[in-house]
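Structure first, then comments.
The values are calculated or read from the model by the stated rules, or taken from the named source; none is laboratory data. Computed from a predicted model, the values in this text were never measured in an experiment. Here the Cβ is made from the backbone with ideal geometry for all residues, glycine too, and neighbour counts use every protein chain on show. Protein only, heavy atoms only, side chains kept; ligands, DNA and RNA dropped before computing areas. Shrake-Rupley method; radii C 1.70, N 1.55, O 1.52, S 1.80 Å.
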Amino acid sequence: MLSPSGYIGAINTPTADVVPWGGASFGLSNNNPEQKRTIAAGHFGSMNAGFGLLPGLELVGRLAYEGEVDCSTFDPACRHGLRDLSLSGKYQLPMALPFDTRVAVGFTDYGGPTAKFRQLYGAATSTWGPLDLSLGYSRARAPDALMDGPFGSVALRVSDRWSAALEHDSRNARAGLHYSLPVFRDAVLQLGVSRLLSQDTELKRWQASAVLNVSLGRVAESAPRVAPAFASVSASTPVSTQASAPLASAAPLSADTSASVAPSAELATVPVAVPTAESVAQGLVERGFAQVEVRYWAATAMQPALWSVRAESRRWRQSQIEAMGVALAAWLRQQGGEASGSRPADELLLTLTWQREPVLHAYTSARCLEGWREGWTRCELGPQSGLAYGRALQLSRDREGLGPRLAGVEARMRQASDAQARANGGPAWMPQFEIGPGLRYNVGTELGLLDYSAALEVGAEVNLAPGLFWQGVLSTPVAHSDDYDDGEPFAANRHPKLGLDSSLLSWWKPLPHGVAAQASAGYIDRRYKGGMVDAVWMNDDGRLRLSATAGAFQHDTTHERQNPLLGSARWSLVPGVWQLEATAGRFLGGDKGYRLASNHWFGDTLFKLYYRDSQIDAGSTPQAAQRKFVGFSLSFPLGPKAAYAVGPVTVRGADRLVLGLETKVGENDNSLAYGYGEIPRVRHGVMSDVSDHDRNGQSDLLAQYRRLRAVLSEQLATQR
């Protein structure tokens, strides 16, 4: 269970177990077990948020509090105690030991000026049937640290729901019960109660905790799935006459093998009319695509039929992989089987666009795509490819990335087509709306445990020409805490009255050699007007990304000018899962410095852990203006995966909602510091929609094949 002290533990003491990779735990407790309660008024306890960032690695943010939590500590009438925001971490060593023994090391209370609970520890946990036995040793680094010396615990799993625990934290003993209750898919609520057994009357005897354990999303595979081996089938042989070997008895197929296999006959059993360019275009429009263009070249004696499809995703904006799966399923469903007179060897070049410019390409055939859905990695290609075998499905953010798969295809596409269709799905200028909350908040300050300003935001995009569009955000305030009132400390950061938070005319263009660039002009927010340019480049496999941002803005009221200039480098350490990023230069507020970040992807959820160091020119005392921060943010889409279509207009939840916390480090005060490390960002552009929020590099695309298979299968089932 997530302990109030900031780690997975028995009750309050740590074990060697950690938050599972891709999991999150959110806990609330009525106790701070490290110290006694000194203020009877208000509240006493802690809130925790723990995340499994990598196998064996957990990170926990903790907010401990005592007394009245909604008043200023500078007010003599405020009966307050601590309000401490801190960070803890634990790493389980990758060791295989007898009796399922795990070993972990960790720290608590890093960051912030107080460090009241700081300690270093190591723990070992062994499992003996229903028993977990843990022993550890801790070295206190603060007077109020819970442990200083040896500690241990024993936990007994009585049933799937109930467990009991007994522990000693080097000073006191405690016994408790835990109850686990599944509340919805991939979420379990844990309730715990414990009692202090020692005679220490200064500490709280009874402790209650509630922890919600959830999955942030499926962790992407770092390599494509390997398919089982089946009998080889030539492109000229009718698929419906071939029988494949049973999966259970198939030998494994290595990623380098060139065997191809017979696809499932599932699709062939569904009567489907012979597809035409018009029917394919209309099918894509019905699935939420616009600006659809379809061209078709009939088969010849030497070449299979070829489809070239281009479509703009309007309903599927949370993920390009999601949109690609829907589009592939819409095309494949219409191909049917040989029995219905379709062409199972038909090849497909599918291009997804954003603002009518290409962002993602796919190359495959009907037969290869059906087999890829069942687990193939390679498939026999058509003669025009110049290769006997290749990937059953090839994805790339640019046409160059498709490589030899397009050899001869483009020359064929320059010939006159047998049929061509264009199905708009509504004019390009019809707006797309996204709705979500606007949140500004301060947590764990001397002014209150939580201060906030909330607004309702409506974003809009209107396409004007290929790559050219207007984007803006309209917001209206909903509610705010007292400290955001006029004359209060956070008043300047409160959501103002109804109006446009941003209004920009943007133009973007894909350029050769993996480069995409965008220029924007207008109001980046209500304060600054001006313009900026963003550029992104990725190497061939997409693991290295370089980007740059340059801007020139002027404050509407003060007429102060800001010229941000930033460069960034990102390396995909584990494709689709873990990225390391460094950004340096001059930020929006004029401060100069750098930011280091570790990005962790779980499906559509992004966890970012960062360290930032920047400095504002302060004349003769520059050191006083230097600030260092450590923090984390959680970014995820809101609402269902598909936007709601109202005629040609679409309405969806916010593409990304970002929540996070940060704390100053390296200083002995807890004064608030604003305006450091701000990176100018437009809501939509090359850093978001074009790069799929930095997820469509070649290696990252390969890591998402498992998800794409799931989307394809789900869509084929729902489109029947």
Does Tyr137 satisfy the criteria of being of a type outside the set (Val, Ile, Thr), open to solvent by 30 Å² or more (accessible area, probe 1.4 Å) and either outside any strand (DSSP E or B) or within 23 Å of Leu93 (Cβ to Cβ) (or both)?
yes
Top-ranked residue in region 196-216 [being over 38 Å from the mean Cα position of the chain (by Cα), part of a loop (DSSP other than H, G, I, E, B) and not small (Gly, Ala, Ser); ranked as surrounded by the fewest Cβ atoms within 10 Å (Cβ to Cβ)]
Gln199
Being of a type in the set (Phe, Trp, Tyr) and touching a residue at least 40 places away in the same chain (Cβ under 8 Å) narrows it down to one residue among Trp578, Trp537, Trp571; which is it?
Trp578
Search region 43-67 for residues being under 22 Å from Ser481 (Cα atoms) and open to solvent by 40 Å² or more (accessible area, probe 1.4 Å), and hand back the single one that is farthest from the chain's Cα centre (by Cα).
His43
Of these, Pro489, Pro427, which one is surrounded by fewer than 17 Cβ atoms within 10 Å (Cβ to Cβ), in contact (Cβ under 8 Å) with a residue 60 or more places away in the chain and over 30 Å from Gln303 (Cβ atoms)?
Pro427
Unmet requirement for Gly467, which otherwise passes all of (1) of a type outside the set (D, E, K, R); (2) over 28 Å from Ala428 (Cα atoms); (3) modelled with pLDDT of 90 or more:
(2)
Residue match in region 377-389 (condition: assigned to a helix (DSSP H, G or I), modelled with pLDDT of 70 or more and among the β-branched types (Val, Ile, Thr)):
no
Report yes if some residue within region 598-617 is part of a strand (DSSP E or B), among the charged types (D, E, K, R) and open to solvent by 50 Å² or more (accessible area, probe 1.4 Å); otherwise report no.
no
Per the filter on region 161-195, residues open to solvent by 30 Å² or more (accessible area, probe 1.4 Å) and among the basic types (Lys, Arg) are Arg161, Arg171, Arg185, Arg195
Every pair of residues 6+ apart whose Cβ atoms lie under 6 Å, when the first sits in region 293-321 and is without any contact (Cβ under 8 Å) to a residue 24 or more places away in the chain while the second is open to solvent by less than 20 Å² (accessible area, probe 1.4 Å)
none
What's the total number of residues in region 492-509 that are touching a residue at least 24 places away in the same chain (Cβ under 8 Å), surrounded by fewer than 18 Cβ atoms within 10 Å (Cβ to Cβ) and not small (Gly, Ala, Ser)?
6
Can you go through Val651, Val630 and tell me which one is touching a residue at least 60 places away in the same chain (Cβ under 8 Å), closer than 22 Å to Trp21 by Cα and touching a Phe, Trp or Tyr at 6+ places or on another chain (Cβ under 6 Å)?
Val630
Could you say which residue among Thr108, Thr125 is buried (at least 18 other Cβ atoms within 10 Å of the Cβ), closer than 29 Å to Leu609 by Cα, of a type outside the set (A, V, I, L, M) and touching a Gly at 6+ places or on another chain (Cβ under 6 Å)?
Thr108
